[in-house]
1. Only one of Leu74, Leu52, Leu68 is in a helix (DSSP H, G or I) and surrounded by fewer than 23 Cβ atoms within 10 Å (Cβ to Cβ); which?
2. Hey, any hits in the stretch 92-103 for a residue that's within 29 Å of the chain's Cα centre (by Cα) and either closer than 25 Å to Phe17 by Cβ or open to solvent by less than 10 Å² (accessible area, probe 1.4 Å) (or both)?
3. Tell me which residues, restricted to the stretch 216-233, are surrounded by fewer than 17 Cβ atoms within 10 Å (Cβ to Cβ) and under 20 Å from Gly172 (Cβ atoms).
4. Any chance you could count how many residues in the stretch 308-317 are open to solvent by 30 Å² or more (accessible area, probe 1.4 Å) and either closer than 22 Å to Ala343 by Cβ or of a type in the set (D, E, K, R) (or both)?
5. If I filter the stretch 331-338 for residues that are within 22 Å of Gly364 (Cα to Cα), open to solvent by 20 Å² or more (accessible area, probe 1.4 Å) and out of contact with any Leu (no Cβ under 7 Å at 6 or more places or on another chain), do I get at least one hit?
6. Within the stretch 280-307, which residues are open to solvent by 20 Å² or more (accessible area, probe 1.4 Å), closer than 25 Å to Ala212 by Cα and among the charged types (D, E, K, R)?
7. Of the residues Arg356, Arg369, Arg352, only one is over 30 Å from Glu119 (Cβ atoms), open to solvent by 60 Å² or more (accessible area, probe 1.4 Å) and in contact with an Asp or Glu (Cβ under 9 Å, 6 or more places away or on another chain); which?
8. When Asp130 is evaluated against the numbered criteria (1) at pLDDT 95 or above; (2) crowded, with 21+ Cβ neighbours inside 10 Å; (3) not hydroxyl-bearing (Ser, Thr, Tyr), which criterion, by number, is the only one it fails?
Amino acid sequence: MCAGRSVGRLRGELTEFVGRRAELARVREALAGARLVTLTGPGGIGKTRLALQTAARTERAFADGVHLAELAGLRDPGLLVAEVARALGLSDRSARWAVASLADYLAARQVLLVLDGCEHLADACAVMADALLRGCPGLRIIATSRHVLGVAGEVTIAVPPMTVPAEGEAAGPQELLGYEAVRLFAGRGAAVLPGFAVEAGNSAAVAGVCRALDGIPLAVELAAVRLRSLSPGQILDRLGSRFQLLSGGGPAGQPHDRTLQAALEWSCELLCDAEQAMWRRVSVFSGSFDLDAAEAVCAVGRVSAGQVADLVDALVAKSILLRQGQGTARYRLLDTIREFGVAKLRGRGNERALRRRHLGWYAGLAARRPRGGPGGDPRLRGRGGVGGHPGHSGGSAPRVS
(Lines give C-alpha, C1' and ligand atoms only; values in the text may rest on other atoms or scores of the structure.)
Protein backbone atom coordinates (compact mmCIF):
# COMPACT_ATOMS: atom_id res chain seq x y z
CA MET A 1 0.00 0.00 0.00
CA CYS A 2 1.64 3.21 -1.02
CA ALA A 3 0.49 6.80 -0.74
CA GLY A 4 1.43 8.53 -3.98
CA ARG A 5 2.28 12.14 -3.22
CA SER A 6 0.97 13.42 -6.55
CA VAL A 7 -2.47 11.81 -6.54
CA GLY A 8 -5.09 13.97 -4.88
CA ARG A 9 -2.67 16.82 -4.28
CA LEU A 10 -3.85 20.37 -4.82
CA ARG A 11 -4.40 21.13 -8.48
CA GLY A 12 -2.67 23.97 -10.21
CA GLU A 13 -4.78 27.07 -10.82
CA LEU A 14 -4.99 28.58 -14.29
CA THR A 15 -6.13 32.07 -13.30
CA GLU A 16 -5.01 34.61 -10.71
CA PHE A 17 -6.54 34.37 -7.26
CA VAL A 18 -8.05 37.79 -6.56
CA GLY A 19 -8.59 39.37 -3.15
CA ARG A 20 -10.14 37.46 -0.24
CA ARG A 21 -7.47 38.52 2.26
CA ALA A 22 -9.96 38.79 5.12
CA GLU A 23 -11.56 35.46 4.28
CA LEU A 24 -8.19 33.70 4.02
CA ALA A 25 -7.22 34.98 7.44
CA ARG A 26 -10.55 33.92 8.90
CA VAL A 27 -10.36 30.39 7.50
CA ARG A 28 -6.77 29.91 8.63
CA GLU A 29 -7.67 31.14 12.09
CA ALA A 30 -10.64 28.76 12.23
CA LEU A 31 -8.50 25.86 11.04
CA ALA A 32 -6.00 26.50 13.82
CA GLY A 33 -8.68 25.90 16.44
CA ALA A 34 -11.10 23.49 14.77
CA ARG A 35 -10.56 20.22 12.98
CA LEU A 36 -13.47 20.59 10.55
CA VAL A 37 -14.06 23.91 8.81
CA THR A 38 -16.90 24.03 6.30
CA LEU A 39 -17.04 26.85 3.77
CA THR A 40 -20.63 27.48 2.76
CA GLY A 41 -22.25 29.71 0.19
CA PRO A 42 -24.29 29.67 -3.01
CA GLY A 43 -22.91 28.30 -6.24
CA GLY A 44 -20.25 30.45 -7.84
CA ILE A 45 -19.36 32.36 -4.67
CA GLY A 46 -15.76 31.10 -4.64
CA LYS A 47 -15.74 28.38 -1.97
CA THR A 48 -13.39 26.05 -3.86
CA ARG A 49 -10.79 28.69 -4.70
CA LEU A 50 -10.79 29.91 -1.10
CA ALA A 51 -10.39 26.37 0.25
CA LEU A 52 -7.53 25.58 -2.14
CA GLN A 53 -5.73 28.82 -1.38
CA THR A 54 -6.02 28.20 2.35
CA ALA A 55 -4.75 24.65 1.94
CA ALA A 56 -1.81 25.76 -0.19
CA ARG A 57 -0.79 28.38 2.35
CA THR A 58 -0.94 25.96 5.29
CA GLU A 59 0.64 22.94 3.59
CA ARG A 60 3.89 23.11 5.54
CA ALA A 61 1.99 22.55 8.79
CA PHE A 62 1.02 19.01 7.70
CA ALA A 63 3.89 16.54 7.61
CA ASP A 64 1.94 14.00 5.56
CA GLY A 65 0.59 16.44 3.06
CA VAL A 66 -2.50 18.22 1.81
CA HIS A 67 -4.93 16.26 -0.35
CA LEU A 68 -7.94 17.25 -2.44
CA ALA A 69 -10.97 15.02 -2.96
CA GLU A 70 -13.19 16.49 -5.68
CA LEU A 71 -16.70 15.22 -5.02
CA ALA A 72 -18.90 17.31 -7.32
CA GLY A 73 -18.94 14.63 -10.02
CA LEU A 74 -19.59 11.77 -7.60
CA ARG A 75 -23.23 10.67 -7.50
CA ASP A 76 -23.14 7.44 -5.46
CA PRO A 77 -22.54 8.04 -1.73
CA GLY A 78 -21.40 4.44 -1.50
CA LEU A 79 -18.28 5.41 -3.46
CA LEU A 80 -17.35 8.33 -1.23
CA VAL A 81 -14.78 6.54 0.91
CA ALA A 82 -13.19 4.98 -2.17
CA GLU A 83 -12.89 8.43 -3.76
CA VAL A 84 -11.22 9.84 -0.65
CA ALA A 85 -8.86 6.86 -0.57
CA ARG A 86 -7.97 7.56 -4.20
CA ALA A 87 -7.34 11.22 -3.35
CA LEU A 88 -4.92 10.07 -0.65
CA GLY A 89 -3.01 8.01 -3.18
CA LEU A 90 -4.45 4.63 -2.19
CA SER A 91 -5.79 3.82 -5.62
CA ASP A 92 -4.40 0.29 -5.59
CA ARG A 93 -7.11 -0.77 -3.14
CA SER A 94 -9.50 2.20 -3.22
CA ALA A 95 -12.53 0.18 -4.33
CA ARG A 96 -12.34 -1.90 -1.14
CA TRP A 97 -11.69 0.84 1.40
CA ALA A 98 -14.09 1.29 4.30
CA VAL A 99 -14.20 4.16 6.78
CA ALA A 100 -12.58 2.04 9.51
CA SER A 101 -9.60 1.04 7.35
CA LEU A 102 -9.22 4.62 6.12
CA ALA A 103 -9.19 5.77 9.75
CA ASP A 104 -6.51 3.19 10.54
CA TYR A 105 -4.38 4.51 7.69
CA LEU A 106 -4.74 8.15 8.82
CA ALA A 107 -4.55 7.52 12.57
CA ALA A 108 -0.87 8.40 12.99
CA ARG A 109 -0.60 10.88 10.12
CA GLN A 110 -0.80 14.68 9.95
CA VAL A 111 -2.98 15.41 6.94
CA LEU A 112 -5.15 18.25 5.69
CA LEU A 113 -7.99 16.87 3.59
CA VAL A 114 -10.06 19.16 1.35
CA LEU A 115 -13.51 17.73 0.58
CA ASP A 116 -14.74 19.87 -2.29
CA GLY A 117 -18.44 19.86 -3.24
CA CYS A 118 -20.15 18.00 -0.40
CA GLU A 119 -23.69 19.31 -0.68
CA HIS A 120 -25.23 16.45 -2.65
CA LEU A 121 -23.48 13.88 -0.44
CA ALA A 122 -23.92 15.78 2.82
CA ASP A 123 -25.08 12.88 4.99
CA ALA A 124 -22.37 10.52 3.76
CA CYS A 125 -19.70 13.22 4.12
CA ALA A 126 -20.87 13.99 7.66
CA VAL A 127 -20.73 10.34 8.74
CA MET A 128 -17.30 9.84 7.18
CA ALA A 129 -15.85 13.08 8.53
CA ASP A 130 -17.12 12.37 12.03
CA ALA A 131 -15.58 8.88 12.04
CA LEU A 132 -12.25 10.02 10.62
CA LEU A 133 -11.88 12.98 12.95
CA ARG A 134 -12.64 10.84 16.01
CA GLY A 135 -10.06 8.24 15.05
CA CYS A 136 -7.34 10.44 13.52
CA PRO A 137 -6.05 13.18 15.87
CA GLY A 138 -3.65 14.57 13.25
CA LEU A 139 -6.37 15.06 10.62
CA ARG A 140 -7.88 18.39 9.69
CA ILE A 141 -10.65 18.81 7.09
CA ILE A 142 -11.75 21.78 5.01
CA ALA A 143 -15.09 21.05 3.36
CA THR A 144 -16.92 23.14 0.77
CA SER A 145 -20.67 22.80 0.58
CA ARG A 146 -23.75 24.80 -0.21
CA HIS A 147 -25.02 23.88 3.24
CA VAL A 148 -23.60 22.87 6.60
CA LEU A 149 -22.70 19.23 7.30
CA GLY A 150 -23.88 19.17 10.92
CA VAL A 151 -20.88 17.38 12.43
CA ALA A 152 -19.99 17.93 16.08
CA GLY A 153 -17.22 20.52 16.36
CA GLU A 154 -17.79 21.81 12.84
CA VAL A 155 -17.01 25.49 12.33
CA THR A 156 -18.92 26.99 9.41
CA ILE A 157 -17.82 30.06 7.50
CA ALA A 158 -20.23 31.63 5.04
CA VAL A 159 -18.19 32.85 2.09
CA PRO A 160 -19.42 36.35 1.22
CA PRO A 161 -19.60 37.94 -2.20
CA MET A 162 -16.60 39.93 -3.36
CA THR A 163 -16.51 43.59 -2.39
CA VAL A 164 -18.23 46.00 -4.79
CA PRO A 165 -18.52 49.80 -4.89
CA ALA A 166 -21.60 51.25 -3.26
CA GLU A 167 -24.43 52.70 -5.33
CA GLY A 168 -23.62 56.26 -6.32
CA GLU A 169 -20.04 56.12 -5.09
CA ALA A 170 -17.84 58.60 -6.94
CA ALA A 171 -14.56 56.79 -7.44
CA GLY A 172 -11.93 56.92 -10.13
CA PRO A 173 -10.50 53.88 -11.90
CA GLN A 174 -7.70 53.32 -9.38
CA GLU A 175 -10.07 53.56 -6.43
CA LEU A 176 -12.45 51.11 -8.10
CA LEU A 177 -9.66 48.57 -8.48
CA GLY A 178 -9.55 48.43 -4.70
CA TYR A 179 -12.80 46.45 -4.90
CA GLU A 180 -12.35 42.72 -5.42
CA ALA A 181 -15.12 42.26 -7.99
CA VAL A 182 -13.84 45.14 -10.11
CA ARG A 183 -10.31 43.74 -9.99
CA LEU A 184 -11.60 40.30 -10.99
CA PHE A 185 -13.61 41.76 -13.89
CA ALA A 186 -10.61 43.75 -15.08
CA GLY A 187 -8.26 40.77 -14.93
CA ARG A 188 -10.56 38.31 -16.65
CA GLY A 189 -11.56 40.97 -19.16
CA ALA A 190 -7.96 41.62 -20.15
CA ALA A 191 -7.55 37.88 -20.80
CA VAL A 192 -10.29 37.86 -23.46
CA LEU A 193 -9.75 41.43 -24.75
CA PRO A 194 -6.02 42.25 -24.61
CA GLY A 195 -5.48 45.83 -23.56
CA PHE A 196 -8.76 46.11 -21.64
CA ALA A 197 -8.47 48.22 -18.50
CA VAL A 198 -10.75 50.07 -16.14
CA GLU A 199 -10.51 53.71 -17.16
CA ALA A 200 -12.48 56.92 -16.91
CA GLY A 201 -14.66 56.13 -19.91
CA ASN A 202 -15.89 52.76 -18.64
CA SER A 203 -15.41 52.86 -14.88
CA ALA A 204 -19.04 53.67 -14.07
CA ALA A 205 -20.30 50.82 -16.24
CA VAL A 206 -17.78 48.35 -14.79
CA ALA A 207 -18.81 49.33 -11.27
CA GLY A 208 -22.46 48.94 -12.23
CA VAL A 209 -21.90 45.46 -13.66
CA CYS A 210 -20.07 44.25 -10.57
CA ARG A 211 -22.70 45.74 -8.27
CA ALA A 212 -25.62 44.35 -10.27
CA LEU A 213 -24.06 40.88 -10.11
CA ASP A 214 -23.77 41.08 -6.31
CA GLY A 215 -20.01 40.51 -6.47
CA ILE A 216 -20.57 36.80 -7.20
CA PRO A 217 -17.25 35.68 -8.73
CA LEU A 218 -18.75 33.23 -11.25
CA ALA A 219 -21.17 35.89 -12.50
CA VAL A 220 -18.44 38.52 -12.73
CA GLU A 221 -16.17 36.16 -14.66
CA LEU A 222 -18.94 35.21 -17.09
CA ALA A 223 -19.72 38.89 -17.62
CA ALA A 224 -16.06 39.61 -18.32
CA VAL A 225 -16.07 36.94 -21.05
CA ARG A 226 -18.69 39.02 -22.86
CA LEU A 227 -16.08 41.75 -23.38
CA ARG A 228 -15.08 39.81 -26.48
CA SER A 229 -18.06 41.33 -28.23
CA LEU A 230 -19.67 43.91 -25.91
CA SER A 231 -18.57 47.02 -24.05
CA PRO A 232 -19.04 47.26 -20.27
CA GLY A 233 -21.96 49.61 -20.87
CA GLN A 234 -23.65 47.15 -23.23
CA ILE A 235 -23.18 44.35 -20.70
CA LEU A 236 -24.72 46.50 -17.97
CA ASP A 237 -27.70 47.38 -20.17
CA ARG A 238 -28.43 43.70 -20.79
CA LEU A 239 -28.23 42.42 -17.23
CA GLY A 240 -32.01 42.50 -17.01
CA SER A 241 -31.71 39.16 -18.82
CA ARG A 242 -28.67 38.06 -16.84
CA PHE A 243 -29.25 34.33 -17.06
CA GLN A 244 -29.32 34.45 -20.85
CA LEU A 245 -26.41 36.86 -21.05
CA LEU A 246 -24.19 34.93 -18.64
CA SER A 247 -24.49 31.59 -20.36
CA GLY A 248 -21.10 31.49 -22.03
CA GLY A 249 -19.22 29.35 -19.52
CA GLY A 250 -16.16 27.43 -20.64
CA PRO A 251 -15.89 23.65 -20.97
CA ALA A 252 -13.87 23.19 -17.77
CA GLY A 253 -15.38 22.24 -14.45
CA GLN A 254 -18.62 20.54 -13.52
CA PRO A 255 -21.68 21.34 -15.69
CA HIS A 256 -23.46 23.02 -12.77
CA ASP A 257 -20.59 25.53 -12.40
CA ARG A 258 -20.30 26.59 -16.04
CA THR A 259 -23.18 29.08 -16.17
CA LEU A 260 -25.05 31.17 -13.65
CA GLN A 261 -28.34 29.46 -14.49
CA ALA A 262 -26.82 25.99 -14.05
CA ALA A 263 -25.28 26.91 -10.70
CA LEU A 264 -28.63 28.03 -9.33
CA GLU A 265 -30.53 25.11 -10.85
CA TRP A 266 -28.14 22.78 -9.01
CA SER A 267 -28.81 24.60 -5.73
CA CYS A 268 -32.54 24.35 -6.36
CA GLU A 269 -32.41 20.62 -7.08
CA LEU A 270 -30.74 20.02 -3.72
CA LEU A 271 -33.75 21.46 -1.87
CA CYS A 272 -36.88 19.56 -0.91
CA ASP A 273 -40.21 20.65 -2.43
CA ALA A 274 -41.17 22.81 0.55
CA GLU A 275 -37.80 24.59 0.52
CA GLN A 276 -38.09 25.23 -3.21
CA ALA A 277 -41.57 26.68 -2.65
CA MET A 278 -40.22 28.93 0.10
CA TRP A 279 -37.43 30.20 -2.17
CA ARG A 280 -40.04 31.14 -4.78
CA ARG A 281 -42.21 32.89 -2.22
CA VAL A 282 -39.54 34.96 -0.46
CA SER A 283 -38.46 36.21 -3.90
CA VAL A 284 -41.28 38.76 -3.72
CA PHE A 285 -39.23 40.67 -1.14
CA SER A 286 -36.94 43.07 -2.99
CA GLY A 287 -35.25 44.16 0.23
CA SER A 288 -34.71 42.60 3.61
CA PHE A 289 -37.57 41.12 5.64
CA ASP A 290 -38.13 39.59 9.04
CA LEU A 291 -39.77 36.36 10.15
CA ASP A 292 -43.14 38.05 10.79
CA ALA A 293 -43.25 39.23 7.19
CA ALA A 294 -42.28 35.80 5.89
CA GLU A 295 -45.05 34.16 7.93
CA ALA A 296 -47.64 36.70 6.79
CA VAL A 297 -46.75 36.55 3.10
CA CYS A 298 -45.52 33.00 2.55
CA ALA A 299 -47.74 30.91 4.84
CA VAL A 300 -50.45 29.88 2.42
CA GLY A 301 -51.50 26.73 0.64
CA ARG A 302 -49.36 23.77 1.59
CA VAL A 303 -47.01 25.86 3.77
CA SER A 304 -48.37 26.71 7.22
CA ALA A 305 -47.19 29.55 9.46
CA GLY A 306 -45.71 26.96 11.80
CA GLN A 307 -43.44 25.68 9.02
CA VAL A 308 -42.09 29.04 7.93
CA ALA A 309 -39.43 29.40 10.66
CA ASP A 310 -38.00 25.97 9.85
CA LEU A 311 -38.03 26.70 6.12
CA VAL A 312 -36.32 30.06 6.59
CA ASP A 313 -33.71 28.33 8.74
CA ALA A 314 -33.19 25.71 6.02
CA LEU A 315 -32.70 28.36 3.34
CA VAL A 316 -30.14 30.15 5.52
CA ALA A 317 -28.32 26.87 6.20
CA LYS A 318 -28.35 26.06 2.48
CA SER A 319 -26.97 29.45 1.38
CA ILE A 320 -30.11 30.77 -0.31
CA LEU A 321 -31.03 33.38 2.29
CA LEU A 322 -28.56 35.69 4.02
CA ARG A 323 -29.17 36.59 7.65
CA GLN A 324 -28.52 40.20 8.62
CA GLY A 325 -28.23 42.03 11.92
CA GLN A 326 -27.35 41.09 15.48
CA GLY A 327 -30.69 42.08 16.95
CA THR A 328 -33.98 40.91 15.48
CA ALA A 329 -32.93 38.76 12.55
CA ARG A 330 -33.62 40.00 9.07
CA TYR A 331 -33.08 38.10 5.84
CA ARG A 332 -32.41 38.94 2.24
CA LEU A 333 -31.66 37.32 -1.09
CA LEU A 334 -28.83 38.39 -3.33
CA ASP A 335 -30.43 40.01 -6.37
CA THR A 336 -29.26 37.21 -8.67
CA ILE A 337 -30.73 34.54 -6.39
CA ARG A 338 -33.94 36.54 -6.03
CA GLU A 339 -34.36 36.89 -9.80
CA PHE A 340 -33.95 33.16 -10.21
CA GLY A 341 -36.69 32.64 -7.61
CA VAL A 342 -38.94 35.16 -9.35
CA ALA A 343 -38.55 33.31 -12.65
CA LYS A 344 -39.54 30.06 -10.95
CA LEU A 345 -42.48 31.80 -9.27
CA ARG A 346 -43.76 33.14 -12.58
CA GLY A 347 -43.46 29.69 -14.05
CA ARG A 348 -45.93 28.47 -11.42
CA GLY A 349 -48.50 31.11 -12.34
CA ASN A 350 -49.02 32.38 -8.80
CA GLU A 351 -46.91 35.49 -8.68
CA ARG A 352 -49.89 37.84 -8.41
CA ALA A 353 -51.33 36.09 -5.36
CA LEU A 354 -48.09 36.45 -3.43
CA ARG A 355 -47.66 40.06 -4.52
CA ARG A 356 -51.10 40.83 -3.12
CA ARG A 357 -50.26 39.20 0.21
CA HIS A 358 -46.97 41.12 0.21
CA LEU A 359 -48.76 44.41 -0.46
CA GLY A 360 -51.36 43.68 2.21
CA TRP A 361 -48.75 42.98 4.88
CA TYR A 362 -46.77 46.18 4.31
CA ALA A 363 -49.88 48.30 3.83
CA GLY A 364 -51.04 47.04 7.23
CA LEU A 365 -47.72 47.96 8.83
CA ALA A 366 -47.85 51.42 7.31
CA ALA A 367 -51.41 51.95 8.53
CA ARG A 368 -50.43 51.03 12.10
CA ARG A 369 -47.46 53.38 12.18
CA PRO A 370 -48.22 56.55 14.19
CA ARG A 371 -48.57 59.58 11.95
CA GLY A 372 -45.79 62.09 12.33
CA GLY A 373 -43.81 59.71 14.50
CA PRO A 374 -40.02 59.75 14.32
CA GLY A 375 -38.24 57.26 12.07
CA GLY A 376 -40.04 54.35 10.55
CA ASP A 377 -40.84 50.74 11.20
CA PRO A 378 -37.75 48.73 10.20
CA ARG A 379 -40.07 46.02 8.94
CA LEU A 380 -41.04 48.35 6.09
CA ARG A 381 -37.58 48.06 4.53
CA GLY A 382 -38.55 45.12 2.36
CA ARG A 383 -41.85 46.50 1.14
CA GLY A 384 -40.87 46.98 -2.52
CA GLY A 385 -42.19 44.31 -4.85
CA VAL A 386 -40.24 42.46 -7.50
CA GLY A 387 -39.20 44.66 -10.38
CA GLY A 388 -40.41 47.76 -8.55
CA HIS A 389 -44.07 46.70 -8.52
CA PRO A 390 -45.29 46.27 -4.94
CA GLY A 391 -48.48 44.51 -5.86
CA HIS A 392 -51.44 44.14 -8.13
CA SER A 393 -55.06 44.86 -7.41
CA GLY A 394 -58.26 43.58 -8.83
CA GLY A 395 -59.38 40.12 -9.82
CA SER A 396 -59.34 36.98 -7.77
CA ALA A 397 -55.97 35.63 -6.63
CA PRO A 398 -54.91 32.26 -7.99
CA ARG A 399 -54.00 29.46 -5.60
CA VAL A 400 -50.47 29.67 -4.22
CA SER A 401 -48.27 26.55 -4.27
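1. Leu52
2. No, that holds for no residue.
3. The answer is Ser231, Gly233.
4. 3
5. The answer is no; no qualifying residue exists.
6. Arg280
7. Arg369
8. Going through the list (1) at pLDDT 95 or above; (2) crowded, with 21+ Cβ neighbours inside 10 Å; (3) not hydroxyl-bearing (Ser, Thr, Tyr), Asp130 breaks only (2).
The values are calculated or read from the model by the stated rules, or taken from the named source; none is laboratory data. Remember, predicted model here, so these are calculated numbers, not experimental data. No Cβ is skipped: glycine too gets one built from the backbone with ideal geometry, and neighbour counts run over all protein chains shown. Please note that ligands, DNA and RNA were not included when accessible areas were found on the heavy atoms of the full protein model with its side chains. Shrake-Rupley method; radii C 1.70, N 1.55, O 1.52, S 1.80 Å.
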